[in-house]
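Read through the structure below, which is laid out as structure tokens, and then see the notes.
The values are calculated or read from the model by the stated rules, or taken from the named source; none is laboratory data. In this text the structure is predicted, and so the values were computed from the model without any measurement. For neighbour counting, all protein chains shown are included, and Cβ atoms are generated from backbone atoms with ideal geometry for every residue, glycine included. What goes into the accessible areas is simple: the full protein's heavy atoms, side chains included, and nothing from ligands, DNA or RNA. Shrake-Rupley method; radii C 1.70, N 1.55, O 1.52, S 1.80 Å.
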Amino acid sequence: MRNSQLPAAKQASKGRSSGLHQSIEEELKEQVADVPFEVLQKAQSSGQLPSFSHKKQLVDTKRANKNRPMEVTSKKPVGRLREVIQAPKKDIRDPRFESLCGNFEEARFKKAYSFLYDEELPSERQRLQKVVKKGNAGEEVEEAEHKLAWIDRQLREEEQRRKQAEQVTQFRAKEKDAVKQGKKHYYPKKSEKRKEELVRKYQELKATGKLEKFLEKRRRKNAAKDHRYLPYRRPESNQD
């Protein structure tokens with residue numbers, strides 16, 4: 001019997017002690033109600049006044065359903081940029097680097113957009129030449145000259161690329177015929193490819209009559225490079 005009465009006595013004592021603490025806390029609050037805030041702050045910082053701190057209640061933010069919005073407390077400031085509706089994440093894919101969109105074939109791509117170099121850029125080049133010829137010196141003419149130089153550079157690069165692609169096609173056709181005859185595959189080195197490119201460029205410049213101009217330009221360029229490595233002559237000091 002005594003053992004069964006002990007827990008009940010402990011609970012009663014706990015209840016009386018908690019009630020006593022609450023009454024003391026209420027009396028202290030009534031006493032300091034008319035005291036200025038600065039005096040209360042100083043007394044609390046010095047330890048003369050007990051601090052009344054209440055434990056924060058934890059709010060359960062779990063959602064019963066994932067499609068429902070999350071509950072957020074109204075005591076915290078809301079940011080300017082926040083997700084109001086939780087929409088499904090969109091996967092952004094770049095077709096240039098995505099395997100789902102197929103493999104990139106440069107020859108097929110160039111063939112599909114060959115009209116840019118065969119029709120669009122030449123017609124734009126003629127229009128800009130008319131603007132430069134008719135217009136006076138100004139921003140419009142300068143802009144037209146910059147665009148005209150860019151178009152000329154693009155057309156030259158495309159012409160060189162097509163010539164190189166034609167050479168590669170011819171080489172592969174020869175190799176295919178050689179393999180059919182029982183010969184082994186031949187893989188040229190980069191140095192050999194470079195030599196063939198120089199020979200082709202030399203023949204092209206000679207046929208168009210621009211070889212001497214090209215060689216003179218290359219000589220000036222090499223001379224300017226060599227001049228950088230020459231030692232500078234020290235100025236002779238004038239001795240009286």
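Here are the numbers:
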| read-out | value |
| --- | --- |
| Sole residue being part of a helix (DSSP H, G or I), farther than 25 Å from Ala107 by Cβ and free of Cβ contacts under 8 Å to residues at least 12 places away in the same chain, chosen from Lys193, Lys217, Lys184 | Lys217 |
| Filter result for the condition that a residue is at pLDDT below 75, assigned to a loop (DSSP other than H, G, I, E, B), open to solvent by 70 Å² or more (accessible area, probe 1.4 Å) and more than 30 Å from Arg162 (Cα to Cα), over Asp91, Asp60 | Asp60 |
| Selection within the range 131-167 - loosely packed, with under 12 Cβ neighbours inside 10 Å and either among the aliphatic types (A, V, I, L, M) or in contact with a Ser or Thr (Cβ under 9 Å, 6 or more places away or on another chain) (or both) | Ala137, Ala149 |
| Residue, nearest to the chain's Cα centre (by Cα), within the range 63-88, restricted to residues that are at pLDDT 75 or above and among the basic types (Lys, Arg) | Arg80 |
| Leu215 closer than 30 Å to Arg127 by Cα, surrounded by 10 or more Cβ atoms within 10 Å (Cβ to Cβ) and aliphatic (A, V, I, L, M) | no |
| Condition met for Arg161 (within 20 Å of Arg108 (Cβ to Cβ), at pLDDT below 90 and in contact with a helix residue (DSSP H, G or I) (Cβ under 9 Å, 6 or more places away or on another chain)) | yes |
| Among residues of the range 110-130, those that are among the aromatic types (Phe, Trp, Tyr) and either under 25 Å from Arg200 (Cβ atoms) or open to solvent by 90 Å² or more (accessible area, probe 1.4 Å) (or both), counted | 2 |
| Output for the range 183-193, where each listed residue is modelled with pLDDT under 85 and either surrounded by 10 or more Cβ atoms within 10 Å (Cβ to Cβ) or small (Gly, Ala, Ser) (or both) | Lys183, Tyr186, Pro188, Glu192, Lys193 |
| Tabulated pairs, the range 132-153, first part of a helix (DSSP H, G or I), second open to solvent by 100 Å² or more (accessible area, probe 1.4 Å) and not charged (D, E, K, R), C-beta under 9 angstrom, 6+ apart or interchain | none |
